[in-house]
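Structure first, commentary second.
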Amino acid sequence: MNKLLPLLFVLLACFACNEEDTCSINGFWQLKTIETEGVEPAKIDTVFLGFQRGAIFSYTILHERENEPSTSDILFGYIDFPTADCLHLLMDGNYDTGMMLWKDREITFDVLKLSTKQLILKNEKTVYNFEKY
């Protein structure tokens, strides 16, 4: 029994760590759909958001062109969490709004869901559904 107690403690500690990860936005997220009120959901698979340390993020868009190798563009910015269910993104000064899904340098989302596998963000009437990549 004395040998089982340390093993049980380690297992419980591992499960506690996994529970903490449930609430972490850190990682790479692939945009799967965009839903706007009154419009059929649009399937997307070429846009990714990457979050690191709860402070910086990357916006990656893949370009598929006929008879050419795939290319990508990456933009960077900063993250802020004004409240637990709110995410504010600020693009770095060097950005091209023509590549982004939104046109402003700053955008604030309501966080509708954040789990280890799914992130759902809403800005005004538009909902962005992401899956962990």
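The values are calculated or read from the model by the stated rules, or taken from the named source; none is laboratory data. The structure displayed is predicted, hence computed values, not measured ones. For neighbour counting, all protein chains shown are included, and Cβ atoms are generated from backbone atoms with ideal geometry for every residue, glycine included.
Screening Leu114 with (1) modelled with pLDDT of 90 or more; (2) loosely packed, with under 15 Cβ neighbours inside 10 Å gives one miss only, at (2). Considering the conditions (1) loosely packed, with under 11 Cβ neighbours inside 10 Å; (2) of a type in the set (Val, Ile, Thr); (3) modelled with pLDDT of 95 or more, Thr33 is excluded by exactly one of them, (1).
The residues of segment 36-62 that are surrounded by fewer than 13 Cβ atoms within 10 Å (Cβ to Cβ) and either among the basic types (Lys, Arg) or touching a helix residue (DSSP H, G or I) at 6+ places or on another chain (Cβ under 9 Å) (or both), listed by number, are Lys43, Arg53.
Among the residues of segment 70-129, those that are under 14 Å from the mean Cα position of the chain (by Cα) and either β-branched (Val, Ile, Thr) or not in a strand (DSSP E or B) (or both) comprise Ile79, Phe81, Asp85, Leu101, Ile107, Thr108, Val111, Ser115, Thr116, Lys117, Ile120, Val127.
This table checks each residue for (1) out of contact with any Phe, Trp or Tyr (no Cβ under 6 Å at 6 or more places or on another chain); (2) hydrophobic (A, V, I, L, M, F, W, C); (3) surrounded by fewer than 17 Cβ atoms within 10 Å (Cβ to Cβ); (4) in contact (Cβ under 8 Å) with a residue 24 or more places away in the chain.
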| site | (1), (2), (3), (4) |
| --- | --- |
| Leu75 | no, yes, no, yes |
| Thr83 | yes, no, yes, no |
| Cys86 | yes, yes, yes, yes |
| Leu89 | yes, yes, no, yes |
| Asp104 | yes, no, yes, no |
| Phe109 | yes, yes, no, no |
| Leu119 | no, yes, no, yes |
| Asn129 | yes, no, no, yes |
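Could you tell me whether Ile107 is of a type in the set (A, V, I, L, M, F, W, C) and at pLDDT below 90? No, not satisfied. As a summary of the residue check, Glu66 satisfies the conditions (1) in contact (Cβ under 8 Å) with a residue 12 or more places away in the chain; (2) part of a loop (DSSP other than H, G, I, E, B) except for the one numbered (1). Quick one: is Phe48 in contact with a strand residue (DSSP E or B) (Cβ under 9 Å, 6 or more places away or on another chain) and under 12 Å from Phe28 (Cα atoms)? Criteria met by Phe48.
Cβ-Cβ contacts under 6 Å between residues 6 or more apart (or on different chains), taken from a first residue in segment 35-54 that is at negative phi to a second residue that is at pLDDT 90 or above and among the small types (Gly, Ala, Ser), are listed as Gly50/Ser58.
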